[in-house]
Structure formats: structure tokens, C-alpha cells
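Working notes, beginning with the structure itself.
None of the figures in this text is laboratory data; all of them are computed from the coordinates on show. In this text the structure is predicted, and so the values were computed from the model without any measurement. Using ideal geometry, Cβ is built from the backbone for each residue, glycine included, and neighbour counts are taken over all protein chains shown.
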Amino acid sequence: MNYNNSNLKTIDLIDLFTDMLRSRLIEEKMLILLRQGKISKWFSGIGQEAISVGVTKSLDSDEFILPMHRNLGVFTTRNIPLSKLFSQWQGKYSGFTKGRDRSFHFGSIKYNIVGMISHLGPQLGVADGIALHQKINKTNKVTAVFTGDGGTSEGDFHEALNVASVWSLPVLFCIENNGYGLSTETKEQYNCKNLADKAIGYGMESHIIDGNNIVEVYTKISEIVKSIRKKPRPVLIEFLTFRMRGHEEASGTKYVPDKLLKKWSLKDPIINFENYLISNEILNYKDVADIKSLIKEDINSNLEIAYKEKFPNPDIDYEIADVFKKFKFKITSPNKNKTNIRFIDAISEGLDESMKKYNSLVIMGQDIAQYGGVFKITEGFVDKYGKERVRNTPICESSIIEVAMGLSICDTKSIVELQFGDFITSGFNPVVNYLAKSYYRWGQNADIVLRMPCGAGVGAGPFHSQTNEAWFTKTPGLKVVYPAFPFDAKGLLISSIEDPNPVLFFEHKALYRSIRQDVPEGYYNLPLGKACNLTYGDDLTIITYGAPVHKALEIINKIDTHTFDLIDLRSLCPLDKNAIISSVKKTGKAIILQEDSMFGGLASEISSIIMENCFEYLDAPVIRVASLDTPIPFEKGLEDQYLPYDRFEIELNKLLNY
Ligand SMILES: Cc1ncc(C[n+]2csc(CCOP(=O)(O)OP(=O)(O)O)c2C)c(N)n1
């Protein structure tokens, strides 16, 4: 291996060596502990240390790095206390995740490290978000993010590279091409000569670097990083290396030809560098032995500390209280001046007021800038707030939601407009796995609002009509808001933006231009999780939300023989259980109306809540009325049949007469 072309100082060379060695010796120790059952899984980075160490050393300590499962060297080179790392792997409370997640699945803002989620690719888009924050704030900082060769086949990789290139984001994308993705060799993973060539398609610069040569990694990456700081842009690096152990320890390396392992063992990044340092009299054998014994002592003493740390004390209330970032809601009362506006204008005003209040708030979405979005909700915003804050995005929902996560890591609020709520499917993974779980896992909140234009009744067919709130109410860690009136839409949208947790904000398209109300001017908010009684009565409770609220009102307005509690839930998570329970205890009868198809929808959940809490007060079975369990048809007659309203009127009358 050629180390001779380096102009590095002796001290730097020794530092690089020591950092690689620390990572190797920790791993060797962990492999022993793994066999003793003292830690859970282990993903080995043995043979790949030069990449983690070289990249980390090239960055300033306040520049973010997003490592993967084989990048122990990133953590140790950033000098994370070893006792805390060891506690993390043992599931101790004092680790980075209070025992809630294992191995390298955590981040630490203090050390500017954001760990992976198991799904591999999402962090590439998160790096874009961090870099976007750096670029908007002209900090001249670089963000480095890692992926394996296997991970480059994921959509997240392609979306993240594309967004970074279109927006000229200062991201160093690092591929560690180590020959295998689990057991599958690279020729079954991709079909191009070099992974670095993928950059060409995105209009991006790329380099291939010998990932086993610490001097090459450090000097080349340092140069590239300096140039990115001067001229912000993404650069793709393909590091050539090899995975010397199994995917994880239990899976072995039987499928790896011996000759490959032999060939790459001759390229070991640490042994080769040690030989170089000794033969060039930079270190002698005793120096190396001393460095090793100091590191080993450090490992052992930190392990002793970690062993003494406590496991988390299982406590249901504590766990549940830690799913969302705590936030003290402070009411801002509405202005007395009111204007009669449409539902759609209320959304627009809520956004506008929030853009004024938070001067770093960013809105992202397809066609939302000059064009104003397909529903024209952000019309004029780009002229008022500029292109940095009102961003047209490429068509890549996953990546943009990940970008929003990256912004949140940098304490920046953002709103993502899904062009239609249906298209959230293309960004489903980051929502349910990243945004929802991040705070619980390692205390990093996702300060994001996803705006979801949704709903049927407009003849838009199966892919532009869904109301898919139940996919998200099922997932702990997400808040779900679903207003039915302009006043609520504006106040609740403002509150959703104030809330530091991820909120899915459903806007029923059929209400956009059909529902008007006198709405206060200026900024006001409304608490999330509070239902609203639209009518009061004694005979029956109707529970609903969104567009069906208006249908229910229409239907009960025709009935003058009975009185109803009509509850508009307004927010589904948190759900105002008390409003439901106290009303049903009073009326003794409940009917739940939802636009979503029946099976597994919110009505089923509410029905169970009523059964469990009001059984002795019920005078009749709880009735759910919902759309058919089919996709949403386009033709009007079929769509009307799909929707629940005719059935609702029949069921309501049956229940009244029960
Ligand atoms: C979306 C997803 N699919 C599959 C897996 C299972 N899995 C975990 S790591 C891995 C291989 C990753 O290979 P590569 O990206 O090359 O990284 P390496 O492990 O080689 O460092 C697989 C298939 C996963 N974690 N996430």
C-alpha cells in the first residue's frame, strides 16, 4: 500500500493509526462479549476502519456525520465516551436510547452524529435536510452520510442524490463498497462498472478511493471537503473495501470465497499502516504495544463503568409519556375581526401566519412555488418569503420527508405539502419509521407538518380520493389532525406547526371551496386533541370528523323528532376520548360515521372505546357506518354507492327506533 505521497505531520499519522486501532480493539472485545451473551447483535467493520476514521478526521467536529452499522470508527473518532457506548449496546438506561433501541441506532446532537434506522437508505435524505439547513444559513459546513453498496439500490439513495444535486446541497455521500450486501455479492446488486458512475446520471461529481488506505482516504476527503465548503455541492465517493466478517456475527462468511478473504486480508488497513509507521521509524514496536495497552485499559475501565449501570426500569406511564416531545401549549386567542372565507383560504392563512411567526419555517412540495400548488394554497408565497423557504421539490416524497427530518435535527420547522394525500405511500417509510419513532428512540423530535389533501366525492378515482388517516393513527409517535371547518382548519394548522412533533394534517378537498365561515384575522391557535360538540341532544351521539361532519349535520337538520350530540373529533391523535365517553353515557346510543372504508378504520377503534367504557350505559349496539371495503371508484353512481351517506341515514333511523 502506498502511503508515501503524504505531506501529513507525524502527529497526524499517529492519530490516524490510534483511532483505527481503537475501533479495531473495541470490536475485538465486543466479539468476545457477544459470544458470552453480554451484548446483542454485532455488525463488524473490521477491515473498513480507514473509511470511518479518515472521513471523520477530515470533517470539523461541528459538521454532521450520519454513519451506518459498520462505522464504529465514526463514533470513537468523535470521542463519544466509551462507557456510554458500551451502556448503549447492553441496553442500559444510560446508553443513548434508554434501552429502547440497539447497536448503532441512535444519534447524539452533542457529537453531531445522527445514527441510522434499520431501513438503511432514509438517512441519505436526512443528510440532505441537514445540508439544506447549512446551505440556507450559509454556514459553509459539509454533511457526510454513509451507505453500503447494497443500500444504493434503494429508492432513498437515488432520491437523495437527485435532490442534493438539484438543490446543490453540501453533502458528501460515502458508499462503502465492501463486496456484499448480507450474502448477495455486488454483481447481483447492481449492473454497472462502478457505483461512482451513478453520479453522472444526477449531474454530480464522484471519486473512487481506496478505502483501505487511511492516508489516501484522509488526504483526498480533506481536499474534497474543503472544496465543498467553498462551493456547496454534493459529491459521491465510492470507497473500495471488503467486509472481512459475516454480515452480522451469527451469519458467518461461508459464501465468501477463501481467495477473496485472503486477498483482502493482505490489504488490512491497520496492519499495513502499522508496518509503514514502523518501517519509516515513525513508531517502534514498543510504541505500538504501548498504544495498544493504553486503549485496552481504557476499554476495560469503561466496560466496568457500563456493567455497573442500571437497566431501564419498566414503567408503562414513563414509556408512554416519552413518545412525544413535551410541549407546553399556550393559547393565542383569536382576533375579534373576522372575514368570511373558504376552507382553502383558512389553510392558506394558517400557513401565512406561521411563515410570519417563524422566520426559518420552510414549506416544501411539488409545484408549490411560482405555481402556488395544485390547489393554489401557497399562491404568492414565493414572492413574499423567497425561494429558499418556499421550495418546489422534485417528485420524491420519501426524500423530501427525510429532508424535513434533517431540518428538524437542525431545529428548523418545516411543512411538506403532499400534492395529494394518496401520494404519502411514496414516502411512507420515513413517516412511520423515522418521524414517528425518532423521539422515543433517542430524543430527537421531528418538528414537521405533513399536509394531506384527501378525500372522495369529487370523482377523482382510486388514487386521488383516499382518506388514509387510519394508516397513521395506528402508528405511535404521530399526531393526526382532521378539521371540518375553516375556523378549526386555521387554528389547528397553526397549532400543528407550533407543536414540535410530527403531525399529519388532513384537508378534505371537497371542503376546500364549498365550506365558508367567519374566521378571525391574524394568528390564533386551538388545542390539539379536543373534540367539538356541534349540536347537543339526549337521544343519540353521532361521532364523526372531516367531510362527513357536514353530511351528518345535513341529515340531522331534517329530523325534528329527536335531539343529538354531534361530535366533530377534529383531531384523531390525540383523541378526545372523554368527549366521546361522557356523551355516550348521557345518550345511551352511539353511531360513528367515517369516510374511510370500514375494516380497521377509526370507527372500529372508537366503537371499542365505547364498548369498554360505556357498556352499562348503552341502550343499543354501537353502529359504525363507513365506505365500502373496495378501492374508491371514479364514476359518480359508483362513488356515491361507495360513500357511506345513504347507509348512514338508514342506520341512524334504525338506531333511533331501536
Ligand atoms: C429496507 C431493508 N431491507 C432489508 C434489510 C436487511 N438488511 C440489513 S443490512 C442488509 C445488507 C446491506 O448491505 P450494504 O448496504 O451493502 O451494507 P453492508 O452491510 O455490506 O455494510 C440487509 C439486506 C434492511 N435492514 N432494510
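Here is how the numbers come out for the structure above:
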read-out: Every residue from the range 266-279 that is within 40 Å of the chain's Cα centre (by Cα) and without any contact (Cβ under 8 Å) to a residue 40 or more places away in the chain; value: ILE271
read-out: Candidate set: the range 50-80, residues that are more than 13 Å from the ligand (Cβ to nearest atom) and under 16 Å from MET30 (Cα atoms); chosen: the one nearest to the chain's Cα centre (by Cα); value: PHE75
read-out: Residue among GLY107, GLY115 that alone is buried (at least 20 other Cβ atoms within 10 Å of the Cβ), out of contact with any helix residue (DSSP H, G or I) (no Cβ under 7 Å at 6 or more places or on another chain), of a type outside the set (Phe, Trp, Tyr) and within 25 Å of TYR318 (Cα to Cα); value: GLY115
read-out: Some residue of the range 443-465 being in a helix (DSSP H, G or I), over 23 Å from ASP568 (Cα atoms) and touching a residue at least 60 places away in the same chain (Cβ under 8 Å); value: no
read-out: Qualifying residue in the range 164-172 (condition: in a strand (DSSP E or B) and away from the ligand (no atom under 16 Å from the Cβ)); value: yes
read-out: Residue selected from the range 120-130 under the condition touching a Phe, Trp or Tyr at 6+ places or on another chain (Cβ under 8 Å) and more than 16 Å from the ligand (Cβ to nearest atom), by the criterion farthest from GLY427 (Cα to Cα); value: ILE130
read-out: Complete set of residues in the range 135-158 that are closer than 16 Å to ARG391 by Cα and in contact (Cβ under 8 Å) with a residue 60 or more places away in the chain; value: LYS135, ILE136
read-out: Selection from the range 535-545 of residues that are of a type outside the set (Phe, Trp, Tyr), surrounded by 24 or more Cβ atoms within 10 Å (Cβ to Cβ) and more than 12 Å from PRO644 (Cβ to Cβ); value: LEU540, THR541, ILE542, ILE543
read-out: Any hit, the range 275-286, residues being in contact with a Lys or Arg (Cβ under 9 Å, 6 or more places away or on another chain), over 22 Å from GLY181 (Cα atoms), of a type outside the set (A, V, I, L, M) and surrounded by fewer than 20 Cβ atoms within 10 Å (Cβ to Cβ); value: no
read-out: Residue selected from the range 131-163 under the condition in contact with a Phe, Trp or Tyr (Cβ under 7 Å, 6 or more places away or on another chain) and more than 9 Å from the ligand (Cβ to nearest atom), by the criterion farthest from ARG233 (Cα to Cα); value: VAL145
read-out: Any chance ILE51 is farther than 18 Å from ILE305 by Cβ, of a type in the set (Val, Ile, Thr) and surrounded by fewer than 22 Cβ atoms within 10 Å (Cβ to Cβ); value: no
